[in-house]
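Below: the structure, in structure tokens.
Read the figures in this text as sums done on the coordinates, not as results from a lab. Values in this document were obtained by computation on a predicted structure and should not be read as measured data.
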Amino acid sequence: MTDVLVVGAHPDDLELHFGGIAAKAAADGLVVVGLDLTKGERATRGTAEIRAREAEASAKCLGLAERVQAGLPDTGVSHLDAAQVKRVVEIVRRVRPRWVLAPHPEDAHPDHREGGRLLERALYFAHVGGHPAEGGRHRAHGLLFDWPDAGTRAGGFAPQFTTSGLVVDISAHFEAKRRALECYGSQFGPGKGAEPSGAQTRLNRPTFLASVEARARRWGELVGVDYGEALVFAGAVAYTEPLTGLFGAHGLGQGANA
Ligand SMILES: [Zn+2]
């Protein structure tokens, strides 16, 4: 059984979206598994082999128990492709996650959008007994999406003041997120493991990692902590524990009151 399955469309996406949450969850003693939907083989920089090595190094920084590669086609992720759905249902049935974190279905990158929709579909079919995927039925507790901001959302509209969601305080784990991202020398410019193809992309500008930090600081600022990562629920979620966990001194919202 896995507590949290963190999903990215390409190697390095799960770090960008959920690196702090993954590191915090692992440090809190939860079993965290990563899932990369594609090998990123169509990227401007880096090969699938280089990116696989980088992803393994990053998994150690975050404390992932396992990192799974789905092998779906880069630039061709599709939630309507039955073979892709079957592949992800099989992974879900094997990993058996309690919670799943996935890219938002309105993300600007088509593979990210489709990745969110693919997980939504696969999680539903994972508990449909007649689905042809291998493995026993499994029902996850819930699905959460990355909360895209103006820089990452299709259309460029920032929904942070019109959508309700959850900002996780990752202040103590931002350093782990930064170290994990630095494992991707082929993507984020000069550094350990750099792949000097010379191609310029949005990611290897010297300011890109600074903009990742700025985003985490902005989410943190919204709720009164130093660094945050933001999530939105994909649907209604049951809460059955004592309400001290929500409304008590150590429940929701304590960052803003600290
Ligand atoms: Zn991506």
*Ordered by residue, what ³J(HN,Hα) values in Hz, to whole numbers, does region 102-112 give under the Karplus form 6.51 cos²θ - 1.76 cosθ + 1.60, where θ = phi - 60° and Gly and Pro are x?*
9, x, 6, x, 10, 4, 5, 7, x, 5, 5
_Amide H partners (placed H, <5 Å) of Glu229, local residues excluded_ = Val168, Ile170
*the chain: calculated mean residue ellipticity at 222 nm from DSSP helix runs of at least 4, using -39500 (n - 2.57)*: -11000 deg cm²/dmol
*Dimensionless Rg ratio for the chain, taking C-alpha atoms and the 2.2 N^0.38 Å reference*: 0.98
*How much length is gained on full extension from Ala108 to Leu243, taking 0.36 nm per residue of separation minus their Cα-Cα distance?*
44.9 nm
*Fully extended contour minus Cα-Cα distance, from His141 to Leu222, at 0.36 nm per residue*: 26.5 nm
*Based on the alpha-carbon gyration tensor of region 1-119 and its eigenvalue square roots a ≥ b ≥ c, which shape applies: rounded if a/c is under 1.5, prolate if not and a/b is larger than b/c, or oblate?*
oblate
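Could you give the length gained by full extension between Phe233 and Lys60, i.e. 0.36 nm per residue of separation minus their alpha carbon distance, to one decimal place? Write down the numbers at each step before the final one.
Details: separation 173, 0.36 × 173 = 62.28 nm, distance 2.76 nm.
Extending this stretch completely gives an extra 59.5 nm.
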